[in-house]
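Chemist: Take this structure, written in structure tokens, and hold onto it; I'll ask about it next.
The values are calculated or read from the model by the stated rules, or taken from the named source; none is laboratory data. Owing to the predicted nature of the structure, the values given are computational and were not obtained by experimental measurement. Every residue, glycine as well, gets a Cβ built from its backbone with ideal geometry; the counts of neighbours run over all protein chains shown. Accessible surface is based on the protein model in full, side chains and every heavy atom, while ligands, DNA and RNA are left aside. Shrake-Rupley method; radii C 1.70, N 1.55, O 1.52, S 1.80 Å.
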Amino acid sequence: MEEHELPVLLVNEVGGICGVLEAHVDFLKTHFQLITMREFLENKNILSKNVQAIYLWWHKPVIDPELLQSLPNLKVIANSGVGMDHLDLKLISGCGIKMANCPHAVSSSTADTGMALLLASARRLVEGCHIAVSLDTECFAPDWLGEEVTGATLGIIGMGNVGYKIALRAKAFEMKILYHNRKQRKEEEEQAIGAIYCKKIEDLLQQSDFVMLAVSLTPQTHKLIGKRELELMKHTAILINISRGLVVDQEALLEALHTGIIKAAALDVTYPEPLPRDHPLLKLKNIIITPHLGIKTRKTTRMITEEAVANILAALNGLPMPSEVLPD
Amino acid sequence: MYQPHSVMGDQELPGVLILGVGGVEGVLENHVGLLKKNFHLITMKEFLENKKELSEKIKSIFIFERRPTIDRGLLESLPNLKVIANSGVGVDHLDLKLISTFGVKVTSTPQAVSDSTADTGMALMLASARRLVEGCQIAVSPDTERFAVDWLGVEVTGATLGIIGMGRIGYKVAKRAKAFDMKILYHNRKRRKEEEEQAVGAIYCKKMEDLLQQSDFVMLVVNLTPQTHRLIGKRELELMKPTATLINISRGAVVDQDALVEALQNKVIRAAALDVTYPEPLPRNHSLLKLKNIIITPHIGTATVQATCMMTEEAITNMLAVLNGLPIPSEVCPK
């Protein structure tokens with residue numbers, strides 16, 4: 001009988017390759033009555049009034065006006081992850097529904113992903129692994145070389161939580177750190193990581209050996225890196241993207257990599273994900289693409305669900321939410 | 001027929017013996033200029049063709065990629081040899097005692113290699129933990145329709161890193177790992193000074209077992225010596241956590257490879273990442289190459305444009321110091 005007192009949480013599905021992780025279900029069920037989209041659709045008449053919260057897992061279920069209209073008592077939508085570009089914030093907020101993301105849970109893991117890609121790309125790690133196992137390999141060529149990371153210049157575009165954690169890590173590699181951001185960080189914050197602010201993105205692009213994209217996707221950052229920006233970069237530079245695929249003009253990137261305008265790229269994100277199997281980016285030698293690893297660890301996914309639950313419970317109890325997201 | 005160089009200055013420069021230039025084992029082409037500034041460059045082929053004229057001119061040997069091989073015969077044929085400068089910091093391929101009986105000094109390049117090798121260790125740890133290589137295969141595979149959300153790696157931030165071998169390179173690894181908020185344990189012949197430990201937040205494990213039992217990542221950063229040969233075997237692997245990853249950036253022979261194959265097959269440990277094996281490369285049918293939970297890189301420890309150049313420069317500095325009777329920056333003495 002107690003179960004009926006728990007608020008009803010709607011998720012897209014549980015388990016499988018897209019659903020909320022099975023390992024999180026018990027935890028969710030201690031706080032909520034869990035229903036999936038399938039269960040909801042089968043019993044819309046009964047369930048629609050009960051749903052008070054939605055937990056978005058990898059951008060699903062899709063939040064559209066139709067869904068919102070069918071959930072009159074929906075109070076809060078919590079997003080797994082920090083990017084909110086898949087949501088119409090104005091629409092949702094206009095219905096009086098609160099929204100939350102998980103900035104604290106994601107930042108370390110995403111920063112680690114950025115560093116992993118930077119190191120792998122600089123040192124040609126993936127290529128090296130192929131050589132190490134290839135049937136044709138008879139010896140390791142001594143003139144097969146990568147680029148030094150220690151002491152190189154890293155330009156971070158987007159100095160939020162994730163960007164800052166990348167800077168902290170890069171500093172330990174004695175990298176020179178430049179950054180470009182909407183707002184300059186406080187002096188103490190800059191000094192703690194030895195980061196130099198570049199008001200003009202061009203200055204950062206021209207001086208960096210590694211350019212790391214750690215911005216949110218917004219109308220302002222859509223195709224932020226295009227032909228012009230790539231041409232401003234050093235031809236020995238490497239571009240790393242851990243933000244969103246749409247921050248980069250993929251056609252321009254393809255051309256730049258093909259013609260040696262920049263040396264290489266490492267992308268954890270593309271548009272779409274995955275890329276079509278015949279996409280030209282997949283055929284390039286000087287690129288590594290990873291399947292959106294950003295937060296994919298047991299520990300971080302768990303922390304994400306915990307942060308989402310904390311936000312949902314706060315919203316349902318009329319308390320301040322730890323990570324509320326408001327429309328701009 | 002040996003032709004004397006037409007430039008007078010060249011013949012007054014001390015002779016340095018190298019295996020050759022370019023190819024699989026030769027000195028990198030674009031380092032030849034660096035050597036020629038200070039030395040009369042003599043290849044092994046030239047030497048063997050003109051032993052009489054050249055044997056007395058050779059004052060130094062520059063070893064690149066473990067070549068040329070230094071044996072008694074070679075040492076006996078070079079009466080004026082003063083120094084053997086090794087490119088790299090591992091000298092397990094050199095018989096230090098034998099060389100010292102000829103009054104010849106041996107030097108290595110610890111400064112040039114340490115950053116690059118520490119970076120390699122970090123690259124391997126991150127790549128293994130986050131399943132980067134596997135992920136790249138998924139990203140391009142024709143069979144991939146969606147990226148599975150339950151496909152997970154293990155966290156690096158906040159995990160425990162156990163460093164076995166806390167020399168220059170081990171310490172640089174610790175500095176980098178600290179920035180990832182890792183808890184750092186270390187095992188070393190000698191304990192480091194307290195300030196050094198505190199600077200990286202490293203905790204000394206006098207017993208290697210303690211380190212093995214507590215670490216999420218075990219990184220091998222020792223020299224290869226008789227004491228470290230097969231330092232990590234069946235027993236050590238069984239002491240490690242089943243969720244742990246072994247990273248080797250030292251020498252292949254520090255690990256019992258057969259024991260490692262078994263440990264990985266039976267999931268005694270989660271995974272391994274090896275920049276070094278024995279031999280290098282492994283035979284193409286070796287069991288290690290078939291495992292799913294391993295990544296192997298082709299000894300990329302110092303394989304950067306910058307590091308290789310610095311190694312040649314450091315070797316040259318050491319050779320000149322010996323030949324000019326100056327303090328030697330990086331002499332290696334037999335134990």
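Chemist: Nearest 500 deg cm²/dmol is fine: what mean residue ellipticity at 222 nm does chain B get from its DSSP H runs of n ≥ 4 alone, each adding -39,500 (n - 2.57), divided by its residue count? Could the numbers behind the result be given before it?
Modeler: Working: 14 runs with 121 residues, N = 335.
Helices in chain B give a 222 nm mean residue ellipticity of -10000 deg cm²/dmol.
Chemist: For labels at A:LYS49 and B:VAL305 in the simple 7 Å Cα→Cβ model, what's the distance in nm?
Modeler: Taking the simple label geometry, A:LYS49 and B:VAL305 are separated by 7.1 nm.
Chemist: Say a paramagnetic label sat at a point 7 Å from the Cα of B:GLU238, along Cα to Cβ; which residues of the stretch B:182-217 have their backbone N under 18 Å from it?
Modeler: Zone members listed by number: B:208-214.
Chemist: Residues with beta-carbon under 12 Å from that of B:ARG284, excluding B:ARG284: net charge, scoring Lys, Arg +1 and Asp, Glu -1? Don't skip to the answer; put the middle values down first.
Modeler: Working: positive: B:LYS290; negative: A:ASP136, A:GLU138.
After counting each charged neighbour, the total is -1.
Chemist: Also, I was wondering about something else. Are there GluC sites (Glu not before Pro) in the stretch B:175-207 that DSSP puts in a loop and that have at most 10 other Cβ atoms within 10 Å, and which ones? Intermediate values should be presented prior to the final figure.
Modeler: Details: sites: B:GLU194, B:GLU195, B:GLU196, B:GLU197; in loops: none.
Filter output for the stretch B:175-207: empty list.
Chemist: Under the definition of partner shielding as Cβ atoms of other protein chains within 10 Å of a residue Cβ, what is the mean value for peptide A:19-26?
Modeler: Numbers: counts 2, 2, 3, 1, 2, 0, 0, 0.
Shielding by partners across A:19-26 averages 1.
Chemist: Once you place label points 7 Å from the Cα toward the Cβ at A:ARG302 and B:ARG72, how far apart are they in nm?
Modeler: 6.1
Chemist: Choose one of A:ALA308, A:PRO61, B:ASN38: the residue whose Cα lies farthest towards the positive end of the charge dipole of the protein assembly as shown (beta-carbon charges +1 Lys, Arg; -1 Asp, Glu; about the Cα centre).
Modeler: My answer, from the dipole projection, is B:ASN38.
Chemist: Ignoring ligands, DNA and RNA, how much accessible area is buried between chains A and B, both sides summed, with a 1.4 Å probe, to the nearest 100 Å²?
Modeler: Values: alone 17330 and 17590 Å², together 29430 Å².
Chains A and B together bury roughly 5500 Å² of accessible area.
Chemist: Along its three principal axes, how long is the stretch B:191-320 when you only count alpha carbons? Whole Å, largest extent first please.
Modeler: Per principal axis, max minus min of the Cα coordinates gives 52, 44, 26 Å.
Chemist: If you don't mind, there's one more thing I want to ask. Express in whole angstrom the spacing between the alpha-carbon centres of the stretch A:48-81 and the stretch A:1-43.
Modeler: Cα centres, the stretch A:48-81 to the stretch A:1-43: 12 Å.
Chemist: Still on this structure, I have one more. Taking the Cα centre of chain B as the origin, how large is its charge dipole in debye, to the nearest 20, when only Lys and Arg (+1) and Asp and Glu (-1) carry charge on their Cβ atoms?
Modeler: Numbers: 40 positive and 38 negative charges, 138 e Å.
The calculation lands at about 660 debye.
Chemist: While we're here: What average count of beta carbons from other chains do you get within 10 Å of the Cβ of residues in A:106-116?
Modeler: Working: counts 0, 1, 6, 6, 0, 4, 8, 6, 1, 8, 13.
So the per-residue partner count for this stretch is 5.
Chemist: Residues with amide H under 5 Å of A:ALA237's amide H, sequence separation 5 or more or different chain, H placed in the peptide plane at 1.01 Å from N; which?
Modeler: Here the answer is A:LYS263, since their amide H atoms fall under 5 Å of that of A:ALA237.
Chemist: Another one. Can you find, among B:PRO327, B:LEU288, B:MET311, the residue sitting farthest towards the positive end of the charge dipole of the protein assembly as shown, where Lys and Arg contribute +1 and Asp and Glu -1 at Cβ?
Modeler: About the Cα centre, the residue reaching furthest to the positive side is B:PRO327.
Chemist: To the nearest 20 debye, what charge dipole does the stretch A:107-289 have about its Cα centre, counting +1 at the Cβ of each Lys and Arg and -1 at the Cβ of each Asp and Glu?
Modeler: Details: 21 positive and 23 negative charges, 116 e Å.
With Lys and Arg at +1 and Asp and Glu at -1, about 560 debye.
Chemist: Let me ask another. At what distance in angstrom do the alpha carbon centres of the stretch B:268-335 and the stretch B:91-155 lie from each other?
Modeler: If we compute the Cα centre of each part, the gap is 10 Å.
Chemist: Suppose only helical runs count, i.e. DSSP H with n ≥ 4. What mean residue ellipticity at 222 nm does that imply for chain A under -39500 (n - 2.57) per run, divided by all residues and rounded to the nearest 500 deg cm²/dmol? Provide the component values of the computation, followed by the final result.
Modeler: Numbers: 13 runs with 120 residues, N = 328.
Roughly -10500 deg cm²/dmol at 222 nm, from the helical runs in chain A.
Chemist: What is the percent of Cα-Cα separations in the protein assembly as shown that go past 40 Å? Mind showing how you got there, number by number?
Modeler: Numbers: 82911 of 219453 pairs.
In whole percent, the long-distance tail amounts to 38.
Chemist: Please turn the phi angles of the stretch B:102-112 into ³J(HN,Hα) values with the Karplus equation 6.51 cos²θ - 1.76 cosθ + 1.60 (θ = phi - 60°), one per residue in order, whole Hz, x for glycine and proline.
Modeler: 8, x, 9, 8, 10, 10, 10, 10, x, 5, 5
Chemist: Let me ask something else. Can you check what the net charge comes to around B:LYS178, using other residues whose Cβ is under 12 Å from the Cβ of B:LYS178 (Lys, Arg +1; Asp, Glu -1)? Mind showing how you got there, number by number?
Modeler: Working: positive: A:ARG169, A:LYS171, B:LYS172, B:LYS175, B:ARG176, B:LYS183; negative: B:ASP181, B:GLU197.
Net local charge, B:LYS178 excluded: +4.
Chemist: Let me ask you something else. Can you divide the C-alpha Rg of chain A by 2.2 N^0.38 Å and report the result to two decimal places? Walk me through the numbers before you get to the answer.
Modeler: Details: Rg = 22.0 Å, N = 328, 2.2 N^0.38 = 19.9 Å.
Dividing the Cα radius of gyration by 2.2 N^0.38 Å gives 1.11.
Chemist: Still on this structure, please answer the following. Is there a simple number for the mean count of other chain Cβ atoms within 10 Å of the Cβ of residues in A:149-156, and what is it? Spell out each step's value before the answer.
Modeler: Working: counts 10, 10, 2, 2, 0, 0, 0, 0.
Rounded to a whole number, the mean comes out at 3.
Chemist: Using the eigenvalues of the Cα gyration tensor, what equivalent ellipsoid semi-axes result for the stretch B:1-128 when each is taken as the square root of five times the eigenvalue, whole Å, largest first? Can you show the working numbers first?
Modeler: Numbers: eigenvalues 171, 66, 31 Å².
One finds semi-axes of 29, 18, 13 Å for the stretch B:1-128.
Chemist: List for the stretch A:258-277: residues with 10 Å² or greater reduction in accessible area, all protein chains versus chain alone, probe 1.4 Å?
Modeler: A:GLU273, A:PRO274, A:ARG277
Chemist: Roughly how many Å² of A:ARG228 are accessible to a 1.4 Å probe, to the nearest 10?
Modeler: Looks like 130 Å² after rounding.
Chemist: Name the residues whose placed amide hydrogens come within less than 5 Å of the amide hydrogen of A:LYS98, ignoring near sequence neighbours (fewer than 5 apart) on the same chain.
Modeler: Placed amide hydrogens put A:VAL76, A:ILE77 under 5 Å from A:LYS98.
Chemist: If Lys and Arg each add +1 and Asp and Glu each add -1, what is the summed charge of the other residues whose beta carbon sits under 13 Å from the beta carbon of A:ALA23? Please list the in-between numbers first.
Modeler: Working: positive: A:LYS29, A:ARG298, A:LYS299, A:ARG302; negative: A:GLU22, A:ASP26, A:GLU306, B:ASP150.
Summing Lys/Arg as +1 and Asp/Glu as -1 gives 0.
Chemist: Cα axis of helix A:298-316 to longest principal axis of chain A: angle in degrees, 0 to 90, nearest 10?
Modeler: 40
Chemist: On to the next question. Of A:SER48, A:SER243, A:LEU282, which is farthest towards the positive pole of chain A's charge dipole, taken about the Cα centre with +1 and -1 on the beta-carbons of Lys, Arg and Asp, Glu respectively?
Modeler: Selected residue: A:SER243.
Chemist: Using +1 on the beta carbon of Lys and Arg, -1 on that of Asp and Glu, and nothing else charged, what's the dipole of the protein assembly as shown about the Cα centre, debye to 20? Before the final figure, lay out the partial values.
Modeler: Numbers: 73 positive and 77 negative charges, 218 e Å.
The calculated dipole for the protein assembly as shown is roughly 1040 debye.
Chemist: Can you compute 3J(HN,Hα) from phi for each residue in the stretch A:110-126, using the Karplus curve 6.51 cos²θ - 1.76 cosθ + 1.60 with θ = phi - 60°, rounded to whole Hz and x for Gly and Pro?
Modeler: 6, 4, 4, 4, x, 5, 4, 5, 4, 5, 4, 6, 4, 9, 6, 5, 5
Chemist: Please list the non-local residues whose amide H lies under 5 Å from the amide H of B:MET166, H modeled 1.01 Å from N, same-chain partners needing a gap of 5 or more.
Modeler: B:ARG189
Chemist: Per residue, how much accessible surface does the stretch B:114-296 expose to a 1.4 Å probe? Answer in Å², no decimals. Kindly include the intermediate steps, with their values, before the conclusion.
Modeler: Details: 7480 Å² over 183 residues.
On a per-residue basis, the stretch B:114-296 sits at 41 Å².
Chemist: I would also like to ask the following. Please work out how much accessible surface A:ILE35 shows to a 1.4 Å probe, ignoring ligands, DNA and RNA, in Å² rounded to 10.
Modeler: Around 10 Å² of this residue is reachable by solvent.
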